[in-house]
1. For the stretch 180-196, how many residues are within 20 Å of the chain's Cα centre (by Cα) and in a strand (DSSP E or B)?
2. Among the residues of the stretch 48-80, how many are under 19 Å from ALA285 (Cβ atoms), in contact with a Gly (Cβ under 9 Å, 6 or more places away or on another chain), open to solvent by less than 50 Å² (accessible area, probe 1.4 Å) and away from the ligand (no atom under 16 Å from the Cβ)?
3. How many of the residues making up the stretch 263-287 are of a type in the set (S, T, N, Q) and either assigned to a loop (DSSP other than H, G, I, E, B) or at pLDDT below 95 (or both)?
4. When you look at VAL38, is it away from the ligand (no atom under 16 Å from the Cβ), modelled with pLDDT of 95 or more and touching a Gly at 6+ places or on another chain (Cβ under 9 Å), yes or no?
5. In the stretch 81-101, is there at least one residue being surrounded by 13 or more Cβ atoms within 10 Å (Cβ to Cβ), aromatic (Phe, Trp, Tyr) and away from the ligand (no atom under 16 Å from the Cβ)?
6. Give the residue, chosen from ARG240, ARG275, that is within 16 Å of the ligand (Cβ to nearest atom), within 20 Å of ARG200 (Cα to Cα) and basic (Lys, Arg).
7. Can you pull out the residues in the stretch 102-124 that are in a strand (DSSP E or B) and either of a type in the set (Asp, Glu) or open to solvent by 60 Å² or more (accessible area, probe 1.4 Å) (or both)?
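The values are calculated or read from the model by the stated rules, or taken from the named source; none is laboratory data. What you see is a predicted model; the values in this text were computed from it and never measured. Quick reminder, even Gly has a Cβ in these numbers, built from the backbone with ideal geometry, and neighbours come from all protein chains shown. Remember, those area values only see protein heavy atoms, side chains included, never the ligands or the DNA or RNA. Shrake-Rupley method; radii C 1.70, N 1.55, O 1.52, S 1.80 Å.
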Amino acid sequence: MSRIAYVNGQYLPHQHASVHVEDRGYQFADGVYEVCEVLGGRLIDEKRHLKRLSRSLTELRISHPMSDKALGVVLREVVVRNKVRDGLVYLQVTRGVAPRNHFFPPDHTAPGIVVTARNASVAKSSAMAEKGVAVISMPDNRWDRVDIKSVSLLPNVLAKQMAREQGAFEAWFVDDEGYVTEGSSTNAWIVTKDGTLITRPADNGILKGITRAIVLELVEREGMKFEERSFTIEEAQQAREAFITAATTLVMPVVVVDDVTVANGAPGHIATTLRSLFHTQAEIADS
Ligand code: PMP
């Protein structure tokens, strides 16, 4: 099936979809993005993703390419044109095209916008969740505004690759005080021996995950014990459960942390329950 990408106002065949060499996203990583889950052809938590996109744009003083309503139309169109049932839609906005110069380009420079979508196997993700995944840890070497969902992801890319090379699925970043911040593309959670869910407060040290927010609502709805605080790798290794959250992985149990097996090495009850309940709390948009 031929894939289609939306690029600056046009729906183009994927293989011909390109941006200018002086797009600032390409030259300076001067842009932001969102990844939204698609389930049964419907966008999951579209409103929150667009709200976070708007915040990222505002924080970086990049102008909004179009209204949320218009963005919603484009997102749906790309999903439909790519025949995506279950998968994801990717949206990127950059500061646009201008002669390479660190200064912001002139005010009239149009932001660049790209939207792509693809199917992803639910069965594969479920199979992974049934086994659980391994994580490794590494020092957090990112800048101090990782709350902005910027396309500047070099430390995340290196961390994820290192995880793969060590047989793990994710890398958890650890701050100077020895506390886990988050994964290279996921938020990090543990469940203590007394059944309390723990995740780091969403300050500037982590991306405020949409999946994290939905899980927090779910935790409250289900009356589970919960504490927003930092935790160490050692605490995670001794925890009853550990898991990660993101729009692409949903709630994914973690069963090994830096080569130490968590509990009995099987996905935990709380993580599994939260995974199965996730879409009862998420906002499922009209198609
Ligand atoms: N942290 C980082 C660094 C991420 O890249 C992501 C995925 N975008 C997340 C957390 C999870 O965010 P969300 O639940 O909104 O996908």
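1. The initial filter retains those residues of the stretch 180-196 that are within 20 Å of the chain's Cα centre (by Cα), namely 180-190.
Within this subset, residues satisfying the condition of being in a strand (DSSP E or B) are 180-183, 187-190.
Number satisfying all stated conditions: 8.
2. The number of residues fulfilling the criteria is 1.
3. Going residue by residue through the stretch 263-287, those that are of a type in the set (S, T, N, Q) are 264, 272-273, 276, 280-281, 287.
Keeping just the survivors that are either assigned to a loop (DSSP other than H, G, I, E, B) or at pLDDT below 95 (or both) gives 264, 287.
Residues that pass the stated criteria total 2.
4. Considered against the rule, which asks whether it is away from the ligand (no atom under 16 Å from the Cβ), modelled with pLDDT of 95 or more and touching a Gly at 6+ places or on another chain (Cβ under 9 Å), VAL38 comes out as no.
5. Checking the stretch 81-101: not a single residue is surrounded by 13 or more Cβ atoms within 10 Å (Cβ to Cβ), aromatic (Phe, Trp, Tyr) and away from the ligand (no atom under 16 Å from the Cβ).
6. That would be ARG275, the only listed residue that is within 16 Å of the ligand (Cβ to nearest atom), within 20 Å of ARG200 (Cα to Cα) and basic (Lys, Arg).
7. Within the stretch 102-124, the subset in a strand (DSSP E or B) is 112-119.
Residues satisfying the conditions are ARG118, ASN119.
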